[in-house]
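Okay, structure first, notes after.
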Amino acid sequence: MTTILDTVTGQKAQPRHPEKAHKPDNPVQRKKPDWLRVKAPVSLKYQETRKLVRDHKLVTVCEEAGCPNIGECWEKKHATFMIMGEICTRACAFCNVRTGLPEALDADEPNRVADAVAKMGLTHAVITSVDRDDLDDGGAEHFAHVIRAIRVAAPDTTIEVLTPDFLRKDGALEVVVEARPDVFNHNLETVPHLYPRIRPGARYFHSLRLLQRVKELDPAMFTKSGIMVGLGETREDILQVMDDMRSAGIDFMTIGQYLQPTAKHAAIDRFWTPEEFKALETSAYAKGFLMVSASPLTRSSHHAGDDFARLRAAREAKLARKGA
Ligand code: SF4
């Protein structure tokens, strides 16, 4: 049996996922299909982004989740900031972010994030967080502080938040929406029947309702959600999720291949082919999404800036068609 120790923090080595330590191993498939091969992150611009993140004492989901796109994104100075620490209170079976008891919120973090966004010259900033079930508001007020700080430091930058589900945190969603991000993203992650195994601390219909509520509160705000495939779902399951998302008024859907971080995480059921992703994209557009990104390496925040520009253009084109 494998034990995954966290030595990144420089503290005494400890299990990165204590709740998974006793679980049997799911051997990691080392041989990946060609379409999932990525270049090693080595460029000068990648190093510059890394330094800026370190200098500002920030955490990124790019590193914490072991994202395969980090070389490409950081070379373009795109990074997704993960606020409220690097320890998550949930224990999802697919996620590589550390789990345990988080530390107190850092009141200066919103300013540091905003400063980094301004220095990087980001046209579109993506802000996500760990789950903070330990906080009364799930961290909603902290999200709002970050959004407002970016508005001051970088007024031309558009802002996308990728939030937790705020389960049992009454009033939290409203606080984030009131801070007026441009895009409200919350991932459904997988199909409903896999929730007990893959996302046991979450509820599919709660997450869906959260996104529907965003539209009710602010119909102009773009909503976005995504799933991973390769966990045991069928094409029919995914088509049903698309229908559910459209019923909740979601504008933008992302679909990417699940990659297993360690032997303690859920095993890969299969690799979906680029052709299958293309077919999913076609079906999603047919169901009325304004934007769809479906490919093996699609992640919520991959190309988020370019995608936001296309999303806005798609809405304008749709409104123009209606008005014609
Ligand atoms: S896809 Fe998102 S999480 Fe991955 S490296 Fe790019 S910005 Fe970071």
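Every read-out reported here was derived from the displayed coordinates using simple, explicitly stated rules and does not represent laboratory data. Not measured: the values here are computed from a predicted model. All Cβ positions, glycine included, derive from the backbone under ideal geometry; neighbour counts span all protein chains shown.
Compute the relative contact order of region 154-270 as a whole-number percentage, counting only Cα pairs closer than 8 Å that sit 6 or more residues apart in sequence.
On the way: 160 pairs, mean separation 29.8, N = 117.
The normalised contact order for region 154-270 reaches 25 percent.
Classify region 20-142 from the C-alpha gyration tensor, please: rounded if a/c falls under 1.5, else prolate or oblate depending on whether a/b exceeds b/c.
Oblate is the answer for region 20-142, as a/c is 1.5 or above yet b/c matches or exceeds a/b.
Around T158, which amide H atoms from residues at least 5 apart in sequence, or from another chain, sit under 5 Å from its own amide H, with H modelled in the peptide plane?
Residues meeting the amide H criterion: H124, A125.
Under a Cβ-Cβ cut-off of 11 Å, what is the net charge of the residues other than Y46 that fall near it, where Lys and Arg count +1 and Asp and Glu count -1?
+3
Give, as a single signed number, the net charge of other residues whose beta carbon lies under 13 Å from the beta carbon of A263, with Lys and Arg counted +1 and Asp and Glu -1. Numbers along the way, then the final one.
On the way: positive: R16, K20, K23, R30, K264; negative: D25.
Here the charged neighbours net out to +4.
Please list 245-256, 152-163 highest first by mean number of surrounding beta-carbon atoms within 10 Å per residue.
Working: 245-256: 21.6, 152-163: 18.5.
Taking the mean over residues of other Cβ atoms within 10 Å, the ranking is 245-256, 152-163.
Based on other C-beta atoms within 10 Å, arrange H303, H186 from fewest to most. Spell out each step's value before the answer.
Values: H303 18, H186 24.
Neighbour counts put them in this order, fewest first: H303, H186.
Based only on the alpha carbon positions, what is the Kirkwood hydrodynamic radius of region 168-324, in angstrom?
16.3 Å
Quick one: compute the contact order of the chain, relative version, from alpha carbon pairs under 8 angstrom and 6+ residues apart, as a percent.
Details: 560 pairs, mean separation 51.2, N = 324.
With pairs under 8 Å counted, the relative contact order is 16 percent.
Please arrange D243, D115 by counting, for each residue, the other beta carbons lying within 10 Å of its beta carbon, fewest first. Write down the numbers at each step before the final one.
On the way: D243 12, D115 18.
Exposure proxy ranking, most exposed first: D243, D115.
From Cα pairs below 8 angstrom and at least 6 apart in sequence, can you work out the relative contact order of region 24-157, rounded to a whole percent?
Details: 175 pairs, mean separation 31.1, N = 134.
Reported as a whole number, the value is 23 percent.
For T254, enumerate residues with amide H under 5 Å from its amide H, sequence gap 5+ or separate chain, H modeled in the peptide plane.
Here S225, G226, I227, S293 satisfy the definition.
Determine the shape class of region 66-118: with a ≥ b ≥ c the square roots of the Cα gyration tensor eigenvalues, call it rounded for a/c under 1.5, and otherwise prolate if a/b is greater than b/c, oblate otherwise. It would help to have the intermediate numbers written out before the result.
Values: a/c = 4.21, a/b = 1.13, b/c = 3.74.
Note, shape of region 66-118 comes out oblate.
Just tell me which aspartates and glutamates come within less than 16 Å, Cα to Cα, of K31; anything on the same chain fewer than 8 places away is out.
D269
How big is Rg to Rh over region 45-92, alpha-carbon atoms, Rh as the Kirkwood inverse-mean-distance radius?
Rounded to two decimals, Rg/Rh equals 0.99.
In a Gaussian network model over the chain where Cα atoms closer than 10 Å are linked, find which of S43, S293, S129 has the largest mean-square fluctuation.
Fluctuation is largest for S43.
Straight distance only, please: which lysines reach the Cα of K318 with their own Cα at less than 21 Å, same-chain residues fewer than 8 apart left out?
Partners within reach: K215, K224, K287.
Note the per residue figure in Å³ for the convex hull of the C-alpha positions in region 10-76. It would help to have the intermediate numbers written out before the result.
Numbers: hull volume 8.9 nm³, N = 67.
Taking only Cα atoms, region 10-76 has a hull volume of 133 Å³ per residue.
Residues with beta-carbon under 12 Å from that of P110, excluding P110: net charge, scoring Lys, Arg +1 and Asp, Glu -1?
Values: positive: R112, R148, R151; negative: D106, D108, E109, D115, E141.
That sum, taken over residues with Cβ under 12 Å, equals -2.
Among the aspartates and glutamates, select those whose C-alpha is under 20 Å from the C-alpha of K51, and discard any that sit fewer than 8 residues away in the same chain.
Reachable aspartates and glutamates: E63, E64, E72, E75, E86, D108, E109, D115.
Over all alpha-carbon pairs of the chain, lay out the pair-distance distribution in 10 Å bins, whole %, shortest bin first.
For the chain, the binned pair fractions read 6, 26, 37, 25, 5, 0, 0 percent.
Would you kindly derive the ³J(HN,Hα) couplings of region 296-307 from the backbone phi angles with the Karplus curve 6.51 cos²θ - 1.76 cosθ + 1.60 (θ = phi - 60°), listing them in order in whole Hz, with x for Gly and Pro?
x, 9, 4, 10, 3, 9, 6, 6, 4, x, 4, 5
Taking H placed 1.01 Å from N in the peptide plane, check which residues at least 5 places from R90 or on another chain put their amide H under 5 Å from its amide H.
Here D131 satisfy the definition.
Quote the Stokes-Einstein diffusion coefficient, in whole µm² s⁻¹, for region 93-196, based on the Kirkwood radius over alpha carbon pairs, a temperature of 10 °C and a viscosity of 1.306 mPa s.
Details: Rh = 14.7 Å.
Answer from the Stokes-Einstein relation: 108 µm²/s.
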